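Following: one structure in structure tokens, then a few remarks.
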Amino acid sequence: MTRTQKLSVGSLATALVLVGIGAFTRGSGSGFGCRDSWPLCEDGALGGLLPRWEFHMVVEWTHRWVAAIVIGLLIALAIHARRRHAAERRLYVPAAIAVIAVLVQAGLGAAVVKTGLDVDLVSVHLGVAMILMGLLAAIAVNSFFIGSRGEPDATTAWSRLLWGGALGVYAVIVLGSLVHNRYVPGWPITDAGLIPTGADTTTQLHVGHRAVVAVVFVALTYLAMRAGRAGRPRPETSLVHTGFALYTVNIGLGAAHVFTEVSAAGLIVAHLMVATASWAALVAAAVLARRNGEVAASSAPDRSPVEVPA
């Protein structure tokens, strides 16, 4: 791989690790590991630069410093993309937006600590994190098309369908953050029934979340089947199938979440990381479909659109 590709893929991988550490920080109850001090740890060593040897403080300190590493990587990626590939707007523009997103994310992280882990703010924090992951997935794909030029073709519609599936997964993730740590018994239907008339807000949120999970599962099943029949390039099809497979696995992890009464930190980490990987794979598939279609259209002798079988 080229230096740009390594930096792009490395940034994506490191950001995914950060998501996992963030999930563990929340799931293990370490969000207040450094109390309400930010970005340093209260009463830590070297004026707070290092933590005391306490579990929750070490976890929160690790989360913050891995976040700092990600910020550094994204700034380096944006500068590199602009300097070395000034003509590649699809590379340096999302890289610049990613830097803004990660700085906003850092500010939200501070606000989450200062507001006592406010549930709504935590959901916003996760939502921005997923936008950042989507940007990094797009950058990683575009880093493999440096120098290529193409024209829009009929596969743009296929790319839009993939974007629809990806956004469905995004919605599931954000809704999931709203019901996290709010245990409601019963799966796949809660003990309150299929239509919980008169149920409390938490139960209604769970029911809504599971309904969206089911709808998105049907949509991704269709996309996975169509990708195989349409004869799309293997990397693209593999990404679609990977996104679908990860989403399916995550449904099982969601069920395990309920059966363990949302008490297993390791399961919380796995649940969020698999969901994030599914979202990133589908974003990458959507971007790759668009780029593949453009290249195919520009290289065709008659420049005619490439038809995608139904």
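Couple of notes before you dig in:
- For Tyr247, the accessible surface of its heavy atoms amounts to roughly 10 Å² (probe 1.4 Å, protein chains only, rounded to the nearest 10).
- Solvent-accessible heavy-atom area per residue, rounded to whole Å², over the chain at 1.4 Å: 47
- Relative contact order computed over the chain (Cα-Cα under 8 Å; 6+ residues apart), in percent: 24
- Equivalent-ellipsoid semi-axes for the range 57-150 (Cα gyration tensor, √(5λ), whole Å, largest first): 30, 13, 10.
- In terms of packing, defined here as the mean over residues of other Cβ atoms within 10 angstrom, the peptides 283-292, 230-239 line up highest first as 283-292, 230-239.
- Carbon plus sulfur fraction of accessible area for the chain, probe 1.4 Å, in percent: 68
- Per-residue ellipticity at 222 nm from helix content only, as computed over the chain with -39500 (n - 2.57) for each DSSP H run of at least four residues, stands at -25500 deg cm²/dmol.
- Hydrodynamic analysis of the range 49-101 uses the Kirkwood radius over alpha carbon pairs. Inserted into Stokes-Einstein at 25 °C and 0.890 mPa s, it gives a translational diffusion coefficient of 195 µm²/s.
- The chain - Debye-derived log10 I(q)/I(0), Cα point model, q = 0.07, 0.11, 0.12, 0.13 Å⁻¹: -0.31, -0.74, -0.86, -0.98
The values are calculated or read from the model by the stated rules, or taken from the named source; none is laboratory data. Just so we're clear, the structure is a prediction, and the values are computed from it rather than from any experiment. Please note: Cβ atoms are built from the backbone with ideal geometry, for glycine as well, and neighbour counts cover all protein chains shown. Remember, those area values only see protein heavy atoms, side chains included, never the ligands or the DNA or RNA. Shrake-Rupley method; radii C 1.70, N 1.55, O 1.52, S 1.80 Å.
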